[in-house]
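To start, the structure itself, in structure tokens.
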Number of protein chains: 2
Amino acid sequence: MRAKIIHFLKTAEGYISGEEISHHLKISRAGIWKYIQDLRDEGYDIVAVPHLGYRLVSSPDKLFPSEIQSGLGTKILGKDIRYFDSVASTMDVAFQLGMDGAPEGAVVCAENQTKGKGRRGRSWVSPKSKGIYMSVILRPPMVPADLTRVTLLSAVAVCEAVRKMYRLPVEIKWPNDLLIQKKKLAGILTELSAEMDRVRFVVIGIGINVNAALSQLPPHSTSIRNETGQKVSRADLMQEILRSLEAWYLVLGQEGFIPVIERWKQLSSTLGRQVRLIDPSGDVEGEAVDLDEYGGLVIRSDTGLMVKRISGDIVQLG
Amino acid sequence: MRAKIIHFLKTAEGYISGEEISHHLKISRAGIWKYIQDLRDEGYDIVAVPHLGYRLVSSPDKLFPSEIQSGLGTKILGKDIRYFDSVASTMDVAFQLGMDGAPEGAVVCAENQTKGKGRRGRSWVSPKSKGIYMSVILRPPMVPADLTRVTLLSAVAVCEAVRKMYRLPVEIKWPNDLLIQKKKLAGILTELSAEMDRVRFVVIGIGINVNAALSQLPPHSTSIRNETGQKVSRADLMQEILRSLEAWYLVLGQEGFIPVIERWKQLSSTLGRQVRLIDPSGDVEGEAVDLDEYGGLVIRSDTGLMVKRISGDIVQLG
């Protein structure tokens, strides 16, 4: 209901009367007044003028579930959003929720992470209310080996959402970093709980530098604010990411992995480049020539050998 | 210390003096007396004769950690054994222990499971103290796609342990059932917690019908007692399984998957047979001709097509 009232306020041209909201949402005008008060307490600036009604002047810069759900329009993702002011890691909260039976599409987001996770035990720097730090639970009918598919799909979905919103030249570095001119804008993680031939759930973790100043971020990073020169709405971006992720998830379910991989190739800066793949199982240097059907990277090594790798860190040399 | 005292008692020829135990284990004779009393309370029948010492007449038919650890001789598996009289499912307990950071090789076992798990949401019938119901936590340096390898490895390890102990003609049905003349003796499950390119832990679940009567088991089952005509020691079998599992786990780490797959093929009753593979992604009927390098089953279908499947249930027709 909160999300619906926010949606009414946001889509109204000018003032909207309590009567009109009351009529559409079938709650009393006193009930609406109560919701308006609650919203104001949370930082929504709402003016009320007799005979005219309510007008939303500004929303707080918070990823409140009702803010995200207002006008979201998804069918699966974001029906259940768990919001935290601060959390150790949205991944750990989401994984535990997955264990406890949280439904497909449940989302965990936080203004701040004290132990934000990156790949391979690294950390993700999460300046408070300056980025999107969220984890999404999916329950795809897959085998564990398919996790790479979800990883690449997530990179495609987030890359497209950022491109659509801000027209920025974001590219994917294999397997799942989003870069703008070699500087890191976003990272994606996936975690898995599975039986041997059945995934129980996947958690997709998305960290995006949105309104952070470069001084708040690690070296070689950038943010949307830094690239566009202006502060943007994190809530709008989070909505677009959820929509994009859902759309690509449905593509995967209905058409399989090929459309995902094709789009990944278009959006990637890795293929065709000279790369060094760094991995405990041994480094490889050569030209990144293709993805295989599991999402593994195919490298034509400098010795002429074709090498397939499913894990590792890429340094793009060319 | 308990395990060491049990080991002394078990390996002694006739009586062993308190003095000798005291000397080897460097505890006082009063301390030994206390341990002996505790063991008696748990059902060990130990006689004590002045001037001769102690003699173990019989051990209780329980999978007590000290009983399993006595003379076990493994390096990784079974250093940490969590024993339960009754538990919903050893898999769920072990998975949570894995989440909480339990070390590689930790084992959960129970006399009884009230919700024993089988593959794909099925149940495992676990008559009290009549079988081995255990889960082992491993932390192999693998990617999620390698889970199948651990599954097949576990089937090989358990199959070999049973063959070695009782000379029974046990065979593996793809991927992980152990059968004697088409009747089910044991089942193996694997579960996984992973990041996209790093397994956090694997839980191997092993259920074996040991001393159960056929009337206590589902149709088409058998037990070791039913096959050999005598009651056997569950503790001895559990030890042999832990040794075998550790040995094969070391082979996998040092020599890779090929020796495992070769042994699997020797022990399997599936290859060369006419089979029907039943799976939500579609059934396939044909001859099971090979395993691929991931452990997937290769079927030459009746239409002549070669089909690879990584999940499903096999009905052996031939």
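Set side by side, the residues B:Ile278, B:Ile261, B:Ile299 differ, and just one is in contact with a Gly (Cβ under 8 Å, 6 or more places away or on another chain), within 14 Å of another protein chain (Cβ to nearest Cβ) and of a type in the set (A, V, I, L, M), which is B:Ile278.
Is one or more of the residues making up segment B:210-221 under 15 Å from the mean Cα position of the chain (by Cα), surrounded by fewer than 19 Cβ atoms within 10 Å (Cβ to Cβ) and part of a helix (DSSP H, G or I)? Looking for residues that are under 15 Å from the mean Cα position of the chain (by Cα), surrounded by fewer than 19 Cβ atoms within 10 Å (Cβ to Cβ) and part of a helix (DSSP H, G or I), one finds none in segment B:210-221, hence no. Is segment B:47-62 home to any residue that is in a loop (DSSP other than H, G, I, E, B), touching a Pro at 6+ places or on another chain (Cβ under 8 Å) and farther than 19 Å from B:Thr11 by Cα? The answer is no, given that none of the residues of segment B:47-62 is in a loop (DSSP other than H, G, I, E, B), touching a Pro at 6+ places or on another chain (Cβ under 8 Å) and farther than 19 Å from B:Thr11 by Cα. Looking across segment B:18-42, the residues that are modelled with pLDDT of 90 or more, assigned to a loop (DSSP other than H, G, I, E, B) and of a type outside the set (A, V, I, L, M) come down to B:Lys26, B:Ser28. For segment A:113-161, a residue qualifies if it is part of a helix (DSSP H, G or I), over 20 Å from A:Ser221 (Cβ atoms) and more than 13 Å from chain B (Cβ to nearest Cβ), and the qualifying residues are A:Val156, A:Ala157, A:Glu160. Listed by first and then second residue, the pairs with beta-carbon distance under 6 Å, at least 6 apart or on different chains, first residue in segment A:59-85 and free of Cβ contacts under 8 Å to residues at least 24 places away in the same chain and closer than 19 Å to A:Arg40 by Cβ, second among the small types (Gly, Ala, Ser) and surrounded by fewer than 21 Cβ atoms within 10 Å (Cβ to Cβ), are A:Pro60/A:Gly43.
Of all residues in segment B:153-189, those being under 15 Å from B:Leu297 (Cα atoms) and at pLDDT below 95 number 5.
Within segment B:159-173, residues that are more than 11 Å from B:Leu185 (Cβ to Cβ) sit with their Cβ atoms under 8 Å from residues that are acidic (Asp, Glu), at 6+ positions apart or across chains, in these pairs: B:Ala161/B:Glu240; B:Lys164/B:Glu240; B:Met165/B:Asp236; B:Met165/B:Glu240. Restricting A:Ile224, A:Ile204 to residues that are within 14 Å of chain B (Cβ to nearest Cβ), crowded, with 24+ Cβ neighbours inside 10 Å and in contact (Cβ under 8 Å) with a residue 60 or more places away in the chain narrows the list to A:Ile204. Per the conditions (1) within 14 Å of another protein chain (Cβ to nearest Cβ); (2) under 22 Å from A:Ala157 (Cβ atoms), the sole criterion not satisfied by A:Glu195 is (2).
Scoring B:Lys79 on the criteria (1) in contact with a Gly (Cβ under 7 Å, 6 or more places away or on another chain); (2) of a type in the set (D, E, K, R); (3) closer than 16 Å to B:Glu240 by Cβ leaves a single failure, condition (3). Each residue in segment A:302-318 was checked for being within 14 Å of chain B (Cβ to nearest Cβ) and among the β-branched types (Val, Ile, Thr), and 2 pass. Among the residues making up segment B:278-318, those that are small (Gly, Ala, Ser) and outside any loop (DSSP other than H, G, I, E, B) are B:Gly286, B:Ala288, B:Ser301. So, in segment B:239-267, of the ones that are surrounded by fewer than 22 Cβ atoms within 10 Å (Cβ to Cβ) and of a type in the set (Gly, Ala, Ser), which residue ends up farthest from B:Ile132 (Cα to Cα)? Per the stated criteria, the residue is B:Gly256.
The values are calculated or read from the model by the stated rules, or taken from the named source; none is laboratory data. Computed from a predicted structure; not experimentally measured. Positions of Cβ are backbone-derived with ideal geometry, glycine not excepted, and every protein chain shown enters the neighbour counts.
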